[in-house]
1. For residue 164, enumerate residues with amide H under 5 Å from its amide H, sequence gap 5+ or separate chain, H modeled in the peptide plane.
2. In a Gaussian network model over the chain where Cα atoms closer than 10 Å are linked, find which of 89, 246, 276 has the largest mean-square fluctuation.
3. Relative contact order of the chain, please, whole-number percent, based on alpha carbon pairs below 8 angstrom and at least 6 residues apart.
4. Looking only at 132, 334, 299, which one moves most when the chain is put into a Gaussian network model with springs between Cα atoms under 10 Å?
5. Give the carbon-plus-sulfur fraction of the accessible surface of the stretch 22-179 in %, rounded to a whole number; probe 1.4 Å, heavy atoms of protein chains only.
6. Residue by residue through the stretch 256-262, which ³J(HN,Hα) values in whole Hz follow from phi under the Karplus form 6.51 cos²θ - 1.76 cosθ + 1.60 (θ = phi - 60°), with glycine and proline marked x?
7. Amide H neighbours of residue 360 under 5 Å, counting only residues 5+ apart in sequence or on other chains, H built in-plane at 1.01 Å?
8. Mind checking the angle between helix 111-121 and the chain's longest principal axis? C-alpha axes, 0 to 90 degrees, to the nearest 10.
Amino acid sequence: MEATKSSLHHQPPAQGNLITVLSIDGGGIRGIIPGIILGFLESELQKLDGENARLADYFDVIAGTSTGGLVTAMLTAPDNNSRPLFAAKDIKQFYLDNCPKIFPQNRSVFSGVSKVVKTLSGPKYDGKYLHSLVREKLGDTRLHQTLTNVVIPTFDIKTLQPTIFSSYQMKNMPNMDALLTDICIATSAAPTYLPAYYFETKDPTGKVREFNLVDGGVAANNPTLVAIGEVTKQITCGNSDFFAIKQLDYTRLLVISLGTGTHKVENKYNAEEAAKWGVIGWLSNGGSTPLIDVFNQASSDMVDYHLNEVFQALHSEKSYLRIQDDSLSGDVSSVDIATEENLNNLVKVGETLLKKSVSRIDFETGLVVPTNQETNEEALRRFAQLLSREKQLRDTRSSPLGPRKNKGF
C-alpha cells in the first residue's frame, strides 16, 4: 500500500546523490505566500526541463501542515492522467477564489462582540465550505496514491499524541491509508477557528481505527523535521529506495522549507498586557488568537533553529533554504481575514519576498536577519538547477538505454 515506484515520476534516492525535501508551514490564508514561492520554483524547473515539469517530479518527500497540508495534497494528488491535480501557479488563484468562502467575514457593527462570543461558544467558522471543497477536488484519492511521498502532521486529541500521515508508513500500517480529503480537513482543523474532525479507516482485515484530530500545527507547524525524521526511519529500516545509504547524512539532503509569514516580533504582544489576560484574552485579542500564535511560532522557529545549526555545522548551509517573512503587520499577519484587499496584499507579500535576501533567524532577537549573499529568487534558481541535475542523474542511472533528455516527462 506504499506509494509505488510506478506512480512516481522520479527515480528513488538510491539512483542519485541527494535526498530532496520540500516543506510548507501552516498559516491559514497566508498559504498564499508559499504558493507564490512554489509557482516561481516550478516555473524555473519548466525553463530547464519543459512546460510539463511539476514539483512532485523532483522531491522525494513533500511535507505540509494545516494550509501547507492542503497545498501538499494539491501538488501531489493525481488527476485522470496521473499527473498532479494542480500546477504550482494555480495555488494563488485557488486561495483568492476560495478563502473568502472558507473564512466568511462578519462586516456588522457588532462583529467584534460576535467574534468573542463565537470563540467562547465554539469554533469561529463551521468548516462546511472547506470540507465540501476538499471532497470535490480530491474525491476518493487515498494517501498511497500521491505522486510522490507526502508527510502531513495532525494531532489526536483523544490520545494526546501527534498523528503523522506518511506515505512511508503504508507498508507496515495500512490503517493509515486514509482519504486525502480526511487528512486535509484534519490537519486544517485549527483550534478555535475550525471544528475538530473525526473519521475512521479500516485495514485489509476489517479492523477499524478511529481518529479524533485537530490542526497539525499543534504538533509541528513547520513540518521539515518531521519529514526528515520519516526519511531517517526508512533508511534505518532498509527501504530499498535508500539502498546503500546506511545512515542519514545531512550533506545529502537538499531542503526547501517555506514559512507563511509572521508578525513583526517587536510589535505583537508584551508581558505587561499579557499579564492581565484570562481565557478570553489568550483566545481572542485584537482579532487574533495569542495562544495559537505562540505555539505555532515556537514550533516553527525551533525547527528552523535546529536545522540552521546542523547544516552550518556540516558546512552544508547552501543545501538548506528557509524562506520566511517576519515583517507582517496588521491584517496580513492574520490567518483568516479573507477580504479581497487583504488576499491581494498577501500576493504582494509573496512577490516581494522573492526579491528579498536569503535570511537566517537570529535567536538573540527573534528576527530574521538577511545574509546578503543572494536573494530568495536567486537561491530558488540555484535549487532548481540542482533539482534538475539530480533528476537527470537518476533517470540516466536507471535507464537501460543510457542518457536521455529530461523533457516533457
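The values are calculated or read from the model by the stated rules, or taken from the named source; none is laboratory data. Only a predicted model underlies this, so the values are computations on that prediction, with no experimental measurement involved. Please note: Cβ atoms are built from the backbone with ideal geometry, for glycine as well, and neighbour counts cover all protein chains shown. Heavy atoms of the whole protein, side chains included, go into the accessibility calculation; ligands, DNA and RNA do not. Shrake-Rupley method; radii C 1.70, N 1.55, O 1.52, S 1.80 Å.
1. Residues meeting the amide H criterion: 154.
2. 276
3. Once normalised by length, the contact order is 24 percent.
4. Most flexible of the set in this elastic network: 132.
5. 51
6. Calculated HN-Hα couplings, in order: 10, 10, 10, x, 10, x, 8 Hz.
7. It is 369, 371, by chain and number.
8. That helix lies at roughly 70 degrees to the long axis.
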